[in-house]
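> First, the structure itself, so that you have it in front of you.
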Amino acid sequence: SNVEMPAPPAALDTAFHQDIDRAIALGEKEVAKHYNDASSHYDLGAGLGLYASYSGTVEGRVFGAMRMARRSFSENEMVLDLDPRKKEAGLVLGTYRYLVSTLPMPVRWMAYIVGFGGGKEEGIKLIEQAAAHPSDIQTDARFALVLLYNREHRYADAVNVVRGLERSYPRNRLLVLEDASTLLRAGRPAEAEKALDEGVVRLRQDTR
């Protein structure tokens, strides 16, 4: 069912729809002109995936989001069929594969019927490959891994990814908090306390 959500700010909502509609139209035009070009399918899939996220979370349109998500999934599958080196397509594919694998069996079968693939391990593997591959979405894939590793109780793996993100974004104090939180989930309170203490010291030194 759709979810009743508060209306977003009208100006921002209008701007988003104008931009995403144009992005998808451009993507569809490029796919029509260059059907065997992986980049064209990737751009279209990215636009559809972003629209699906907005539709589902901001607008609460679950069915509409699923329809666009299915198209995004198909476009990203086409990307890897055409060019297996474009590992960034694995972020969308891996996310949907993982999510489908967590659904109750009747819903999972429905997802299979409408065109989604499942598989928890395959989903995580695709996101790991996207996280290791330099691209515009590499950081997004690394954050996704933190969430999935925690969900799967793979806390040591999650800590390793968080600390890599900390090295990339040393001024982001929320990463220190996530580091400590993951250590607590892992049953390592002494290390968590040390991480928080270091974060407090950095906070005092931050002039922002």
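The values are calculated or read from the model by the stated rules, or taken from the named source; none is laboratory data. None of the values given here were measured: they were computed from a predicted structure. All Cβ positions, even for glycine, are placed from backbone atoms using ideal geometry, and neighbour counts span all protein chains on display. For accessibility, only protein heavy atoms count, side chains too; no ligands or nucleic acids. Shrake-Rupley method; radii C 1.70, N 1.55, O 1.52, S 1.80 Å.
> Taking the conditions exactly as written (under 24 Å from Glu152 (Cα atoms), open to solvent by less than 40 Å² (accessible area, probe 1.4 Å) and free of Cβ contacts under 8 Å to residues at least 24 places away in the same chain), does Gly94 satisfy them or not?
For Gly94, the condition - under 24 Å from Glu152 (Cα atoms), open to solvent by less than 40 Å² (accessible area, probe 1.4 Å) and free of Cβ contacts under 8 Å to residues at least 24 places away in the same chain - is not met.
> Being modelled with pLDDT of 95 or more and more than 19 Å from Tyr51 (Cβ to Cβ) is the filter here, so list the residues in segment 83-104 that pass it.
Asp83, Pro84, Arg85, Lys86, Lys87, Gly90, listed by residue number.
> Name the residues in segment 54-78 that are within 17 Å of the chain's Cα centre (by Cα) and open to solvent by less than 10 Å² (accessible area, probe 1.4 Å), would you?
Ser55, Ala69, Ser72, Phe73, Asn76 - these are the residues of segment 54-78 that are within 17 Å of the chain's Cα centre (by Cα) and open to solvent by less than 10 Å² (accessible area, probe 1.4 Å).
> Please identify the pairs in which a residue from segment 131-153 that is outside any helix (DSSP H, G or I) has its Cβ atom under 6 Å from the Cβ atom of a residue that is not charged (D, E, K, R), counting only partners at least 6 apart or on another chain.
From segment 131-153, the pairs are Ile137/Leu91.
> Can you name every residue in segment 138-174 that is open to solvent by less than 40 Å² (accessible area, probe 1.4 Å) and either farther than 24 Å from Val92 by Cβ or modelled with pLDDT under 95 (or both)?
Matches in segment 138-174: Val159, Glu166.
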